[in-house]
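Worksheet: the structure to be examined is printed underneath.
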Amino acid sequence: MQDVSTEKKEFTPNIVAFCCNWCSYAGADLAGSSRLTYPANVKIIRVPCSCRVNPMFVLKAFQRGADGVILCGCHPGDCHYVTGNYYTRRRMALLYSFLNYMGIEKERTRVEWVSAAEGARFASVMNDFVKQVTELGENKRLTDLRVKEGE
Amino acid sequence: MQRIGVFICWCGSNIAATVDVEKVAEVIKSEPGVVYAANYQYMCSENGQQLVKQAIKEHNLTGIVIGACSPRMHEATFRKAAEAAGLNPYMVEVANIREHCSWIHKDMEEATEKAVILVRTAIAKVKLNAPLMAGESPVVKRALVIGGGIAGIQAALDIADAGFEVDIVEKNATIGGRMAQIDKTFPTLDCSACILTPKMVDCAQHEKIDILSYSEVEDVKGFVGNFNVKIRRKARFVDETKCTGCKICMEKCPSKKGLNEFNMNLNTRPAIYIPFAQAIPNVAVIDPTQCIKMKTGKCGICQKFCGVGAIDYEQKDTFIERQYGAIVVATGFKPISVDNFNEYGYNDNKDVITSLELERLMNAAGPTNGVLLRPSDGEHPKVITFIQCVGSRDTSGCGKPYCSKICCMYTAKHAMLIREKYPDTEVHVFYIDVRTPGKNYDEFFRRAVEQYGVDYIKGMVGKVYNENGKLMVQGSNLIDNEQITIESDLVVLAAAIEPEPSVRKIATLLTASIDTNNFLTESHAKLRPVESPTAGVYLAGVCQGPKDIPETVSQASACAAKVIGLLVKDKLKTNPCVATPDETMCNGCSQCANVCPYGAITYVEKEFRLGGGKTEIRRVASVNPAVCQGCGACTVTCPSGAMDLKGFSSKQIMSEVEAICKM
């Protein structure tokens with residue numbers, strides 16, 4: 001057992017969430033207007049569609065020190081742009097294997113479908129994901145590689 | 001040099017109670033590029049907007065960030081304000097510090113810290129924003145109404161009265177919908193047909209309305225102002241232009257054993273039929289699964305007797321394509337199947353019926369000509385028990401979690417009508433709660449109890465079973481705290497209502513959002529309740545949520561007002577956030593065109609300078625900005641990174657990621 005008293009602060013992961021404008025971002029808004037809570041370390045970036053998210057953005061987030069990245073889109077079949085979330089699904093499946101190859105735990109990324117009416121689901125997905133990433137601990141694999149500022 | 005202005009909204013106490021707005025503004029002031037930071041109680045108010053306009057002019061701002069509610073709420077407001085002050089409206093970014101921050105967090109320190117990060121992220125993005133100009137697209141001055149029930153009829157009439165062409169697409173052989181099946185309406189006890197059928201006739205006679213009955217929407221392309229819709233006109237095997245509705249074919253048809261769907265399968269109809277006497281259009285249709293001629297090739301009696309030669313056994317489905325500026329979805333509802341509720345014994349006992357079946361049994365045009373006779377033996381029922389909330393407010397997974405809203409009122413109506421017509425009948429109602437909000441609704445319910453002596457029992461029913469030909473209804477009486485059993489002749493189940501299942505396909509075709517109960521989602525629950533988040537798509541009636549006739553009619557008229565507001569415009573501003581290729585990097589590989597769901601990408605041959613006076617001709621992507629909807633699928637697919645999305649460029653998103661990760 002680690003001595004808890006010597007720890008400065010409990011680890012809180014930094015999480016980047018990409019949300020599509022039509023479903024998930026609205027779902028996040030609904031979670032807010034329903035006053036549901038989820039941890040403050042989730043920060044949302046609005047994109048028109050989940051298919052706008054280049055896997056590069058995910059890697060960039062890990063490189064810059066994010067501990068987890070979650071992508072939220074409309075449910076399959078409900079994409080505002082008809083097929084966007086299918087592309088997301090395939091691209092992210094490929095990214096998972098790439099992350100695995102690089103030694104980054106696949107559990108640090110996730111793709112979830114949250115509709116505009118699912119505020120409660122949005123909050124529970126975020127709570128669950130934060131818990132999952134907290135258990136994994138800090139993302140050291142890629143942040144160690146990045147060029148530290150001032151060095 | 002960038003000159004960014006930041007405005008932090010208190011939203012009264014909505015933000016200010018959990019986020020230290022002054023501190024946020026203070027911290028942000030020292031961000032590079034920020035020349036002005038302010039906080040104000042209500043940024044969206046006239047004064048707040050004035051503050052923004054003034055600051056833009058006074059400080060010569062090149063971009064602004066508003067830390068306030070969701071951009072889905074007021075982005076347009078602030079863009080307008082910026083434009084009025086001479087700043088390009090797309091130089092505005094909104095940091096969502098209400099829905100995504102103050103409302104979900106309790107701890108002030110934590111929320112303030114997050115608000116600072118969110119505002120920083122927006123600053124990082126706005127620094128990379130470029131002024132954008134909205135294009136224009138023409139508006140087709142014709143509306144499509146999907147569904148010909150009272151919602152669709154009302155919307156169509158209102159739009160047509162304003163002078164615009166409307167098509168009603170109805171999947172059944174006649175318009176009228178559920179309201180046509182209803183006997184009387186609450187709370188006035190008006191005859192449903194008497195108030196509906198004149199409206200149906202108005203539709204048929206309106207020169208601007210085209211009723212496409214027995215038709216379904218097959219495909220939808222395009223966008224607001226310019227939808228291209230493919231409609232399947234199902235073969236009715238009767239020439240609609242010739243049939244006069246004389247009904248001789250119905251009399252002569254030898255195959256009379258088809259279940260009459262209009263009468264909730266309580267009696268039968270011929271293979272060739274008109275759903276009900278006042279059907280619009282008053283044209284027969286053949287059920288090919290029942291028609292002897294179509295099954296065996298022998299018969300043809302209806303053809304022989306048809307005086308105008310309207311019968312055509314060879315008729316095939318046809319397709320038409322039409323353009324519309326706006327679409328109203330009014331697909332309506334159906335009662336849920338009560339087969340799953342074994343405890344009520346619906347499948348085992350003929351005398352356990354649903355409320356809509358009772359509606360037909362009490363209707364003068366119904367299977368019993370309006371005389372209430374029980375289905376099993378045709379006797380007058382002496383004791384009738386109603387069971388409320390069958391599948392409504394049911395979280396067990398068997399039914400629906402929501403309240404169907406109309407059942408309390410129609411059960412009170414049924415109970416009252418029965419007591420009125422047959423005063424010797426005993427009427428019991430098992431209920432969980434009686435919910436009667438609405439003008440004259442509670443008075444109506446009280447009349448049922450006080451004036452008509454309907455016995456309301458608070459409690460749920462555990463079991464309905466048959467004992468010596470009597471239906472035993474076993475339930476609890478929570479007021480007297482006892483178990484009771486009522487010997488009944490007829491049991492009526494107030495089945496929950498659910499959206500008509502075909503709405504699922506329509507939602508997919510229209511890319512309209514739908515919730516887990518298959519209700520279409522409105523753009524904003526309070527402020528935009530009849531608009532779908534998909535521009536140009538409007539929602540009327542139960543497809544959006546449970547509601548009664550007055551509410552449905554109001555919503556339909558509201559839809560019509562929205563549609564008219566759209567169709568009077570000659571041109572619409574298009575979204576300037578569209579994909580754009582960097583032609584110097586594009587190698588014309590066609591990957592982007594393959595993933596574009598709108599076919600917005602084509603290729604052109606262009607001449608490029610190579611230096612040294614040489615040129616080369618290359619094939620490069622070209623995006624049609626009027627067709628591109630800005631999803632960004634192409635930007636990620638492009639192997640050379642040539643494709644980018646205005647307003648959501650890769651650089652912008654990367655800078656947002658960096659701002660969030662910079663701790």
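Laboratory data are not the source of any read-out in this text; all were calculated from the coordinates shown. This one's a predicted model, so the numbers in the text were calculated from it and none came from an experiment. Every residue, glycine among them, receives a Cβ derived from its backbone with ideal geometry; neighbour counts consider all protein chains shown.
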Legend entry - Gap separating the Cα centres of region B:601-659 and region B:52-76, nearest whole Å: 29 Å
Inset, instruction - Would you mind pulling out the separation of the Cα centroids of region B:385-402 and region B:435-480, in Å? - result: 15 Å
Legend entry - Separation of alpha-carbon centers, region B:206-228 and region B:107-165, rounded to whole Å: 22 Å
Legend entry - Total charge dipole magnitude, region B:568-650, about the Cα centre, Cβ charges on Lys, Arg, Asp, Glu only, Debye to nearest 20: 180 debye
Inset, instruction - With a/c under 1.5 counting as rounded, go ahead and sort region B:248-305 into rounded, prolate or oblate using the C-alpha gyration tensor (a ≥ b ≥ c being the square roots of the eigenvalues; past the cut-off, prolate if a/b is larger than b/c, else oblate). - result: oblate
Legend entry - Extension reserve of the B:Val201-B:Asn518 stretch, reckoned as 0.36 nm per residue once the Cα distance is removed: 111.0 nm
Legend entry - Between helix B:549-567 and chain B: long-axis angle, C-alpha atoms, 0 to 90°, nearest 10: 40 degrees
Legend entry - CD proxy at 222 nm, helix term only [per DSSP H run n ≥ 4: -39500 (n - 2.57); per residue of chain B; nearest 500]: -8000 deg cm²/dmol
Inset, instruction - At 7 Å along the Cα-to-beta-carbon direction for both A:Met102 and B:Glu26, put a label point, then send me their distance in nm to one decimal. - result: 3.9 nm
Legend entry - Cα gyration tensor category, rounded, prolate or oblate, for region B:335-498 with a/c compared to 1.5: rounded
Legend entry - Rg in Å to one decimal, and Dmax rounded to a whole Å, for the protein assembly as shown via C-alpha atoms: 31.1, 105
Legend entry - Global geometry of chain B, whether rounded, prolate or oblate, following the gyration tensor of its Cα atoms and the 1.5 cut on a/c: oblate
Inset, instruction - Pop a pseudo-label 7 angstrom from the Cα along the beta-carbon direction at both B:Tyr422 and B:Phe608 and give the gap in nm to one decimal. - result: 8.4 nm
Legend entry - Acute angle (nearest 10 degrees) that the helix A:84-102 long axis makes with the longest principal axis of chain A, alpha-carbon atoms: 20 degrees
Legend entry - Under 16 Å from the Cα of B:Lys295 - aspartates and glutamates, other chains or at least 8 residues apart: B:Asp287, B:Asp312, B:Glu314
Legend entry - Cα-based helix-to-principal-axis angle, B:407-421 vs chain B, degrees rounded to 10: 20 degrees
Legend entry - Table column - 3J(HN,Hα) (Hz), region B:355-367, Karplus curve with 6.51, -1.76, 1.60, x for Gly and Pro: 5, 5, 5, 4, 4, 6, 5, 9, 7, 4, 9, x, x
Inset, instruction - Can you figure out the FRET efficiency of B:Gln451 with B:Lys350, using R₀ = 22 Å and their beta-carbon distance, to the nearest 0.05? - result: 0.10
Legend entry - Pairwise FRET efficiency - B:Arg504 versus B:Asp480, Cβ, R0 = 41 Å, nearest 0.05: 0.35
Inset, instruction - Any chance you could run the full-extension gain for B:Ala277 through B:Cys589? It's 0.36 nm times the residue separation minus the Cα-Cα distance, nm to one decimal. - result: 106.2 nm
Inset, instruction - Using a Förster distance of 35 angstrom, determine the FRET efficiency expected from the C-beta separation of B:Val568 and A:Asn127, and round it to 0.05. - result: 0.15
Inset, instruction - Using Cα pairs closer than 8 Å and at least 6 residues apart in sequence, work out the relative contact order for chain A, in percent. - result: 34 percent
Legend entry - Two-site label geometry, A:Ala120 and B:Ser45: point separation in nm, points 7 Å out along Cα→Cβ: 3.6 nm
Inset, instruction - For B:Ile8, enumerate residues with amide H under 5 Å from its amide H, sequence gap 5+ or separate chain, H modeled in the peptide plane. - result: B:Ala38, B:Asn39, B:Tyr40, B:Gly67
